[in-house]
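Encoded as C-alpha cells, the structure appears first; notes follow it.
The values are calculated or read from the model by the stated rules, or taken from the named source; none is laboratory data. Quick caveat: nothing in here was measured; it's all calculated off a predicted structure. A quick note on method: Cβ atoms are made from the backbone with ideal geometry, for glycine too, and the neighbour counts reach across all protein chains shown.
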Amino acid sequence: LDETTAHAQMFGGSHPGSLEIASLSCGGPGGNGVSCHSGNQETGKNLVDSVKTSIMSTKAGELSVVRMTFGLDKTKEVAGLTKGQVAYRYPSPLQGRPNEGIFQQNCLNQCHQSGGELPVPLSQGKIQGNGCESCHILTNPTHTYIGDDTTIKGNKSGYGMVHNLTTQIPYNQCNQCHNQGSHDIIKMEFSVRPDMGKVIRDWTAGYSTWTDRLSDYYLPGELFAKCEVSLDCIDCHTRQDVMGDGKFYTSQHDAVHIQCLDCHGTKEKLPVTKKVENPKDLMFEEPITNPKFPALQKGDEIFMTTRGEELPFLRHKGDHWIQTSRVTGKTFKIPLVVGSQCKQVPEEQGADSCHKCHARTALHP
C-alpha cells in the first residue's frame, strides 16, 4: 500500500481505524480498485467486517456473564443482543437495577475497541480504544506521540508512538488493555493491579527479558505455563481469536479458537498439519505485512487448529516441530505430548487443565 492511497482514504479525522469508519478507510479500495480489508470474495481478507463482531469489540461476554450472575438470563445467550451490537449500547442491561448505570460506565464502557475507554490513570484524561489502531499502532503507557509529524502534538495523549501500522504486535501492546487489573462484579468497579507501577515497558525499550515478562504479563497470583511468557500473545492467539471469525459469541470460551493440543498434540495424536499446495493461499501474503514470516514454499507442512484455521508460523519438517515468533522472528522448538510423561486428558484442553501441572506464577517462576 503506497502512501498516497493510504492518505486518500483517511476518513475519521486523526483516527481512521475507528470501527465506525474503518469500512471506508481500512476496508476501502486501493488505487487499483482492489478492495483492502472488506468487500473481498475471500472472506479471510474481510477483517474489518469480522472484527466488528469479535468479542473484544462488542464486550458481549462481560454482559452475558453479569446478566447470568444476576439471574436475568438462564443461558449465556443475551436476549435481543444482535450480531455486532456493542454491549454498552444494550438497553437496560440489568433491567433497571440500582447499579445498572455504574455497570454501564465502569464495566461495559471500558476497553472494547468500539470507542471504549482504556484503563489509564485519570491524570491522562479519557483515552478511547479506536478499533484497528488499538493493536496495529503501537503505544506507550502515556499514549503520547514521539515521532516527527508536526501535525500531532507530542504531549497530547490519545495517540500511538509512531505514524505507521504493524502486525508485529508485542505483548506490551496487548497490555495497554489487558492485564491491567480486574473487575469487581459486586461493586461494579475496576481495580488496577497493585504492581501497576512496574508495568511501564513499551516496545521502544528493546528486547524484554524473562524477568521483565514475569512482572508484566500476568496479574499477581495468576497461573501460567512457561510458553505463555516466552511467547507473545499473537504467537498463540490466532487471527480469528483476535479479530473474530464472523460469528456472534457471548462467551470468551467459545470465541477463543486455539487450544494447547493445536501445538502440542495429545498422548495419542500429533498436532494437525497440512501441506501447502495452493500458491494463491492467503498465507503467501504474510511477508507483505510481517518481515519475520519464515520463507514458505509449496510442499511445506504447517500446523492447523482443530477448527481448521491455518497456523503458518508453525512448521513441521522431518523430526522438527518449530514455531517462529511473529514479533522477533526467534524460533522455538515445540515439545510434543506424544512420548512424554504428560498425564493429559485429551478432552480437557482449557488453560486451567494444563495449569494443574504446568503451573507457574511471577513469585514462583
Qualifying residue in region 339-355 (condition: β-branched (Val, Ile, Thr), over 13 Å from Thr273 (Cα atoms) and free of Cβ contacts under 8 Å to residues at least 24 places away in the same chain): yes
Out of (1) modelled with pLDDT of 85 or more; (2) over 20 Å from Met188 (Cα atoms), the odd one out for Gly147 is which? (1)
Just the residues that are part of a loop (DSSP other than H, G, I, E, B) and modelled with pLDDT under 85, please, taken from region 161-176. Val162, His163, Asn164, Asn175, Gln176
Pairs with Cβ under 7 Å, 6+ apart, first in region 312-336 and at positive phi, second surrounded by 14 or more Cβ atoms within 10 Å (Cβ to Cβ) and at pLDDT below 95: Gly329/Lys292
With respect to Thr75, is the statement that it is hydroxyl-bearing (Ser, Thr, Tyr) and either at pLDDT below 90 or part of a helix (DSSP H, G or I) (or both) true? no
Residue, surrounded by the fewest Cβ atoms within 10 Å (Cβ to Cβ), within region 34-80, restricted to residues that are closer than 19 Å to Leu282 by Cα and more than 21 Å from the chain's Cα centre (by Cα): Gln41
State all residues of region 153-165 that are buried (at least 16 other Cβ atoms within 10 Å of the Cβ) and touching a Ser or Thr at 6+ places or on another chain (Cβ under 8 Å); if no residue qualifies, say none. Ser157, Tyr159, Gly160, Met161
Within region 1-68, helices (runs of 4 or more DSSP H) holding 1 or more residues that are closer than 19 Å to Gly131 by Cβ, out of contact with any Cys (no Cβ under 9 Å at 6 or more places or on another chain) and modelled with pLDDT of 80 or more: 47-51, 55-58
Checklist (1) polar (S, T, N, Q); (2) buried (at least 19 other Cβ atoms within 10 Å of the Cβ); (3) part of a loop (DSSP other than H, G, I, E, B); (4) modelled with pLDDT of 85 or more applied to Ser134, failing item: (3)
Just to be sure I understand, how many residues within region 275-285 are within 25 Å of Pro335 (Cβ to Cβ), surrounded by 15 or more Cβ atoms within 10 Å (Cβ to Cβ) and of a type outside the set (Val, Ile, Thr)? 1
Looking at (1) crowded, with 16+ Cβ neighbours inside 10 Å; (2) more than 25 Å from the chain's Cα centre (by Cα); (3) within 26 Å of Lys280 (Cα to Cα), which is the one condition that is false for Gly318? (1)
Does Thr324 meet the test of being under 15 Å from Ile234 (Cβ atoms), touching a helix residue (DSSP H, G or I) at 6+ places or on another chain (Cβ under 6 Å) and hydroxyl-bearing (Ser, Thr, Tyr)? no
Specify the residue that is farthest from Ser208 (Cα to Cα); the eligible residues are those in region 140-198 that are touching a helix residue (DSSP H, G or I) at 6+ places or on another chain (Cβ under 7 Å) and β-branched (Val, Ile, Thr). Ile185
Output the number of the condition that His112 fails; it satisfies all remaining conditions of (1) of a type outside the set (A, V, I, L, M); (2) crowded, with 16+ Cβ neighbours inside 10 Å; (3) at pLDDT 80 or above. (3)
